[in-house]
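> Can you keep this structure in mind? I'll have questions shortly.
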Amino acid sequence: RDLTAKERLAALGQLSGTIAHELGNPLNAMSGRVQLLARDPACPAEVRVELGAIEGEVRRMTAIIRRFLDSARALTPEPEPVDVAALVEEAVSLSLSADARARLRVERAVPADLGRVVTDPGLVRHVLVNFISNAVDAMPAGGALVVAAERRGEHLALSVADTGEGIDPEERRRIFEPFYSTKPPGRGTGLGLAI
């Protein structure tokens, strides 16, 4: 029989516990090694910058694991004042490989006067990275990607648009289900949008 949404989320919670245990120690080891390399006086400045990016990604992976765990229990966002333009820029930067940058036209449509909003930057970044990554995958031959932000009354609206072929209506109904993916085997877990 089909699992209910509640059962799928319970399974996701069990999976997250296993992932947290199996990946936590290697991530801590990576973080420690990267920090040691960056502190070495012989480390060139440009390499130190790249090591900082790696360290940031290790922190992001640790946060993702934490979100897996949070998905099994009530998630409590941690809102703080956030510079939306900087958050969008960071999500775009994290999501685009050199290959994607070469084949895509990327636009950030964030009004200069948007200012800061109160939200959980980790959660919003995670959502944006997942949508941007999916948009990139939808345009293997090239295209345009637009990441936009705008105020709508007291709310902030974020959008990610691409010129890929899109998702048919039947699949669109299921894209937020855990473990459902339209990607070929080995290309997606079906957890990005569910989380």
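The values are calculated or read from the model by the stated rules, or taken from the named source; none is laboratory data. Note that the structure is predicted; figures quoted are calculated from it, not measured. Glycine also receives a Cβ, built like all others from the backbone with ideal geometry; neighbour counts cover every protein chain displayed. Accessible surface areas use protein heavy atoms only, side chains included; no ligands, DNA or RNA. Shrake-Rupley method; radii C 1.70, N 1.55, O 1.52, S 1.80 Å.
> Every residue in the stretch 92-121 that is surrounded by 14 or more Cβ atoms within 10 Å (Cβ to Cβ), outside any strand (DSSP E or B) and either aliphatic (A, V, I, L, M) or on the phi > 0 side of the Ramachandran plot (or both), please.
Within the stretch 92-121, VAL92, LEU94, LEU96, ALA100, VAL110, LEU114 meet the criteria.
> Let me spell it out: the conditions are (1) open to solvent by 30 Å² or more (accessible area, probe 1.4 Å); (2) among the small types (Gly, Ala, Ser); (3) modelled with pLDDT under 90, and ALA63 meets all of them except one. Which number is the exception?
(1)
> Next up: Within the set of pairs 6 or more residues apart or between chains, which connect a residue that is without any contact (Cβ under 8 Å) to a residue 40 or more places away in the chain inside the stretch 149-169 to a residue that is open to solvent by 70 Å² or more (accessible area, probe 1.4 Å) and hydrophobic (A, V, I, L, M, F, W, C) with Cβ atoms less than 7 Å apart?
VAL160/PHE131
> Okay, moving on. When you go through LEU104, LEU94 one by one, which is the residue that is modelled with pLDDT of 90 or more and more than 29 Å from GLY153 (Cα to Cα)?
Being modelled with pLDDT of 90 or more and more than 29 Å from GLY153 (Cα to Cα) holds for just one of LEU104, LEU94, which is LEU104.
> Okay, moving on. Given the conditions (1) of a type outside the set (Ser, Thr, Tyr); (2) open to solvent by 40 Å² or more (accessible area, probe 1.4 Å); (3) in a helix (DSSP H, G or I), which single one is not true for VAL124?
It fails just one condition, (2).
> Out of all the residues in the stretch 1-32, which are surrounded by 14 or more Cβ atoms within 10 Å (Cβ to Cβ) and at pLDDT 85 or above?
Those that are surrounded by 14 or more Cβ atoms within 10 Å (Cβ to Cβ) and at pLDDT 85 or above: LEU27, MET30, SER31.
> Moving to a separate point now. How about the stretch 76-98: which of its residues are touching a residue at least 24 places away in the same chain (Cβ under 8 Å) and of a type in the set (A, V, I, L, M)?
VAL82, VAL84, ALA85, LEU87, VAL88, ALA91, VAL92, LEU94, LEU96
> Considering only the stretch 142-155, state which residues are farther than 14 Å from ALA91 by Cβ and in a strand (DSSP E or B).
GLY143, ALA144, GLU150, ARG151, ARG152, HIS155
> Going by the structure shown, is PRO140 open to solvent by 40 Å² or more (accessible area, probe 1.4 Å), touching a helix residue (DSSP H, G or I) at 6+ places or on another chain (Cβ under 9 Å) and not polar (S, T, N, Q)?
yes
> Still on this structure, I have one more. Looking only at the stretch 156-166, how many residues end up being modelled with pLDDT of 90 or more, open to solvent by 40 Å² or more (accessible area, probe 1.4 Å) and out of contact with any Gly (no Cβ under 7 Å at 6 or more places or on another chain)?
Total meeting the criteria: 5.
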